């Protein structure tokens with residue numbers, strides 16, 4: 001079945017289609033392109049810089065579709081001049097689910113690709129993080145039609161978009177400690193300079209890059225708005241020429257700026273989980289053993305570890321799974337996992353994402369179809385939910401039945417850990433609450449569980465204060 | 001949750017042309033050519049200065065600074 005992609009409509013020169021076949025696990029990704037884009041692609045494939053990017057797996061593997069391909073013929077029938085085939089990525093994630101280090105790495109990949117392209121007489125016309133996806137901790141550029149020949153005198157056309165989508169959020173986090181993720185989730189096209197300028201007050205305007213890449217663009221945009229509003233004709237700025245040396249120097253300068261940005265990992269509730277958990281060694285080994293048994297048996301193609309902290313159990317799962325999506329709401333814990341996996345991972349198969357589990361990324365953008373909700377993109381065949389239910393019930397105020405319904409909707413095997421109300425961590429959670437959540441107890445939990453799942457095995461931990469279950473859908 | 005996999009892959013590889021979300025007649029983004037010209041000019045001066053500085057440093061100390069290769073991915 002061929003379906004045009006909901007979010008692929010902004011660039012009129014091409015459109016992405018998915019082709020789903022019953023025997024294939026992943027849908028194939030096709031792209032109909034117009035004549036100019038087709039011509040560009042054929043030239044691009046012969047360029048040394050592009051071949052090098054392909055070898056290093058910095059760009060998604062893309063080929064021209066064979067003319068006898070029946071799906072290609074159908075796409076050509078829609079009026080396209082040619083059809084490209086892309087290798088699918090494991091899972092689509094968005095910049096508002098990436099930690100600071102992931103956004104920074106994606107930004108550096110974009111700048112590297114742009115520099116290589118400019119030096120070879122090409123440029124990249126878009127600069128949005130939606131054109132970059134992660135395979136484990138490695139960013140991959142996926143929007144091949146973005147490569148276009150550089151025209152003499154052409155400025156860095158996507159400079160503003162780069163600043164809005166990458167540079168500004170990185171500077172906000174690094175210089176001001178502002179959580180950039182909710183902003184990126186709201187501003188799908190990036191944070192505009194005039195808005196960003198409001199976040200930099202007083203001396204923070206003198207921090208590296210702020211005056212040049214936030215305050216100056218904001219000032220220019222305000223002046224243009226003031227000068228050209230109402231019936232005043234707009235000045236033609238499209239004919240301005242910029243030397244290639246200026247463009248390359250600007251890209252180099254921005255690269256240096258991005259590299260200089262960093263954030264420290266704070267001691268948050270979860271970022272030191274390995275040292276601060278409340279199990280003794282024997283119990284912790286028992287819990288690890290239970291999880292390992294489950295993943296060994298399942299050998300998942302995609303396992304989702306929700307509430308992963310710094311990924312202690314994701315790392316165990318990664319030994320037996322093709323892909324592990326490690327999700328947690330604590331930015332610093334996720335960043336720590338990402339940094340660890342970047343330097344120590346043997347398999348590069350853990351994708352750490354920042355997700356508030358009581359409010360995961362929704363369907364949004366044009367007609368609510370441009371960007372998909374997290375649970376529509378994730379397709380796990382196994383799930384770990386370790387010591388999370390009490391947070392969902394008591395901290396997020398979500399009834400256990402609703403949470404278990406959500407888990408049931410994934411229709412796969414799950415390891416879930418229940419932390420009873422006598423456990424010191426639940427006692428702490430309830431300490432200063434007037435609502436005591438009396439429905440939160442083991443009996444009620446097991447009753448709700450058995451309404452939706454079959455319990456395969458279970459094991460008590462911490463003298464019965466916690467119980468870990470392997471459950472399967474009924 | 002049916003078709004979740006289809007949806008997951010169906011949203012990849014989306015080309016986004018320079019967006020202009022302010023639905024007004026004035027396109028504030030058109031000013032970025034002015035900004036890139038100004039910043040490009042100063043960046044070029046800085047680039048040239050650094051180039052000669054590193055050259056001099058290499059001649060004096062015989063070592064290559066890490067900062068010289070600013071294109072490499074910071075992995």
The helix A:100-119 Cα axis meets the longest alpha-carbon principal axis of chain A at an angle in degrees, between 0 and 90 and rounded to 10, of 20 degrees
Rounded to the nearest whole number, the Stokes-Einstein translational diffusion coefficient of segment A:343-456 at 4 °C and 1.567 mPa s (Kirkwood radius, C-alpha pairs) in µm²/s is 80 µm²/s
Counting only DSSP beta bridges with both partners in the protein assembly as shown, the antiparallel fraction in percent, to the nearest 5, comes to 65 percent
Rounded to a whole number, the mean other protein chain Cβ count within 10 angstrom for residues of A:10-19 is 4
The alpha-carbon center of segment A:192-222 and that of segment A:55-71 are separated, in whole Å, by 42 Å
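Could you give the alpha-carbon Rg of segment A:149-219 over 2.2 N^0.38 Å, rounded to two decimals? Each step should come with its number before you reach the end.
Numbers: Rg = 12.8 Å, N = 71, 2.2 N^0.38 = 11.1 Å.
For segment A:149-219, the normalised Cα radius of gyration comes out at 1.15.
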At the level of C-alpha centres, the distance separating segment A:347-405 and segment A:304-318, in angstrom, is 14 Å
Counting other chain Cβ atoms within 10 Å of each Cβ in A:256-265 and taking the mean gives 2
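On average, how many beta carbons from a partner chain sit within 10 Å of the beta carbon of a residue in A:114-121?
Details: counts 1, 2, 1, 0, 0, 1, 0, 0.
Neighbouring Cβ atoms belonging to other protein chains average 1 per residue here.
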Per the helix-only model, the protein assembly as shown has a calculated mean residue ellipticity at 222 nm (DSSP H runs of ≥4, -39500 (n - 2.57) each, divided over all residues, rounded to the nearest 500) of -11000 deg cm²/dmol
Helix A:216-228: inclination vs chain A longest Cα principal axis, degrees, rounded to 10, gives 60 degrees
Highest mean packing first, using Cβ neighbours within 10 angstrom, the peptides A:303-314, A:248-259, A:64-75, B:48-59 sort as A:303-314, A:248-259, A:64-75, B:48-59
Note on segment A:132-263: C-alpha Rg/Rh, Kirkwood Rh, two decimals, gives 0.98
Computed on Cα atoms, Rg of segment A:1-88 relative to 2.2 N^0.38 Å comes out at 1.10
Bridge orientation stat for segment A:344-474 from DSSP, antiparallel percent rounded to 5, came to 80 percent
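Please compute the contact order of chain A in relative form: average sequence separation of alpha-carbon pairs under 8 Å and at least six residues apart, divided by the residue count, as a percent.
Working: 758 pairs, mean separation 54.2, N = 474.
Result for chain A is 11 percent.
Rounded if a/c is under 1.5, else prolate if a/b beats b/c, else oblate: with a ≥ b ≥ c from the C-alpha gyration tensor eigenvalues square-rooted, which is segment A:273-473?
Rounded, because the longest to shortest axis ratio a/c is under 1.5.
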Taking A:150, A:366, A:80, A:156 and counting other beta carbon atoms within 10 angstrom, the fewest-first order is A:366, A:150, A:80, A:156
Long-range alpha-carbon pairs in chain A, meaning those over 34 Å apart, account in percent for 42 percent
Fewest-first ordering of A:29, A:265 by Cβ atoms within 10 Å yields A:265, A:29
Distance in Å, no decimals, from the C-alpha centre of segment A:27-52 to the one of segment A:111-179 is 18 Å
Between the Cα axis of helix A:281-298 and the main Cα principal axis of chain A, the angle (0 to 90°, nearest 10) is 60 degrees
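If you average 1/r over every pair of different alpha-carbon atoms in segment A:93-135 and take one over that average, what Kirkwood value in Å do you get?
Result for segment A:93-135 stands at 11.0 Å.
Mind sorting A:408, A:31, A:208, A:227 by how few other Cβ atoms lie within 10 Å of their own Cβ, fewest first? Provide the component values of the computation, followed by the final result.
Values: A:408 18, A:31 26, A:208 14, A:227 11.
By the 10 Å Cβ count, ascending, the order reads A:227, A:208, A:408, A:31.
Here, each number is a calculation from the coordinates, and none is a lab measurement. Note that the coordinates shown come from a computational prediction; the quantities given were computed from them, not determined experimentally. Backbone-built Cβ (ideal geometry, glycine too); neighbour counts: all protein chains shown.
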